[in-house]
Amino acid sequence: MIAFQTFKLDNGLTVIVNEDNTTQLCAVNVLYKVGARDEIITKTGFAHLFEHLMFGGSANIPDFDTELQLAGGTNNAYTSNDLTNYYDILPVSNIETALWLESDRMLKLDFSEKSLNVQRNVVCEEFKEHYINRPYGDVWHILRKLVYEKHPYQWPTIGLELQHVQDATLTDVENFFYKYYRPNNAILTISGGISADNALQLAKKWFGDIPSGEPFNRNIAMEPEQQAAKFQHVKKDTG
């Protein structure tokens, strides 16, 4: 059993702290409650695109990875249908580097056509490599569409169509950011050789002044009850 304490900042950010004095490392995790299920069927792949955009520079930090590596840290991220998650692991003595980096990109990304073009191309190539140019690569697209009729689980996190990511505009991604990447839609977790009191004070120091986002209601389509087995025969040329 992992013991932890939970706090809530005034701007709505949930903070979870796990004290583990057996290590001098620390894990800083920021989970945003947004995934592919929050997209609309005509604009899919945005949650995954944003995972990439979050490493393209923020308000005061042009290069996320370099700063973390200089502090002896590593990081990664992943997107699912329900959430997008970012984590950093580094010596606990350098924890403020991770908190600085994560808070700055929560505050404001460095939105630019250059950054969008770079990351959009990366995601598009990933889409082509794994889902279009690979035999049976589209199997999950087919299966999801067969299983789900209404719910956005009917497309994978990469998106329903390549064109949706290709057509993403700067306005689209800015709107997505300021709706979902706000403190009131996020959970900050700190685990390692640090006291809960100290971790909470550092969370307030680095995240407390970030404006809370506007409240919103998720209007996710309800999936009708399954009434019968479904079958689909697919035949394609993979030569």
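What to note about this one:
- Remark on the chain: hydrodynamic radius 19.4 angstrom, per the Kirkwood mean of 1/r across alpha carbon pairs.
- Within region 110-239, the proportion of C-alpha pairs whose separation exceeds 27 Å stands at 47%.
- Residue-wise HN-Hα coupling along region 168-182, computed from phi with Karplus coefficients 6.51, -1.76, 1.60 (Hz; x: Gly, Pro): 4, 9, 4, 5, 4, 6, 5, 4, 4, 4, 6, 8, 9, 8, 10
- Heavy-atom accessible surface of the chain: percent carbon and sulfur, 1.4 Å: 52
- With a Cα cut-off of under 20 Å and a minimum spacing of 8 residues unless on different chains, the lysine pairs in the chain number 21.
- Considering helices alone, the calculated mean residue ellipticity of the chain at 222 nm is -10000 deg cm²/dmol, with DSSP H runs of length four and up weighted by -39500 (n - 2.57) and normalised per residue.
- Annotation: the antiparallel percentage among DSSP beta bridges lying fully within the chain is about 80.
- Residues considered: 204, 128, 108. Largest GNM mean-square fluctuation over the chain, using C-alpha springs under 10 Å, is found at 128.
- A DSSP coil position with no more than 11 other Cβ atoms inside 10 Å describes the following chymotrypsin sites (Phe, Trp or Tyr not before Pro) in region 139-239: 231.
- Net charge of the neighbourhood of residue 62, taken over other residues with C-beta under 12 Å away and scored Lys/Arg +1, Asp/Glu -1, is -3.
- Most fluctuating residue given options 21, 29, 60, as computed from a GNM of the chain linking Cα atoms under 10 Å: 21
- Rounded to the nearest Hz, the phi-derived 3J(HN,Hα) couplings of region 32-42 under the Karplus curve 6.51 cos²θ - 1.76 cosθ + 1.60 (θ = phi - 60°) are 9, 7, 8, x, 4, 5, 8, 8, 9, 5, 8, where x marks glycine and proline.
- Choice from 88, 138, 38 showing the highest fluctuation, given a GNM over the chain with Cα pairs closer than 10 Å: 138
- Other-chain or far-sequence residues with amide H under 5 Å of residue 26's (modelled H): 90, 92
- Using the 1.4 Å probe convention, the accessible area of the chain works out to 54 Å² per residue with neighbouring protein chains retained.
- Counting only protein chain heavy atoms and rolling a 1.4 Å probe, the accessible areas of 97, 84 rank, largest first, as 97, 84.
- Top positive-direction residue, dipole computed over the chain with Cβ charges, set 217, 80, 228: 228
- In this entry, region 181-239 is assigned a mean projected area of 10.9 nm², taken as a quarter of its C-alpha convex hull surface.
- Within the chain: Cβ-based charge dipole about Cα centre, in debye rounded to nearest 20 (Lys, Arg +1; Asp, Glu -1): 680
The values are calculated or read from the model by the stated rules, or taken from the named source; none is laboratory data. Quantities reported herein were computed from a predicted structural model and do not represent experimental measurements. Don't worry about glycine lacking a Cβ; one is built from the backbone with ideal geometry, like all the others, and counts go over all protein chains shown. These area figures cover heavy atoms from the full protein model, side chains too; ligands, DNA and RNA do not enter into them. Shrake-Rupley method; radii C 1.70, N 1.55, O 1.52, S 1.80 Å.
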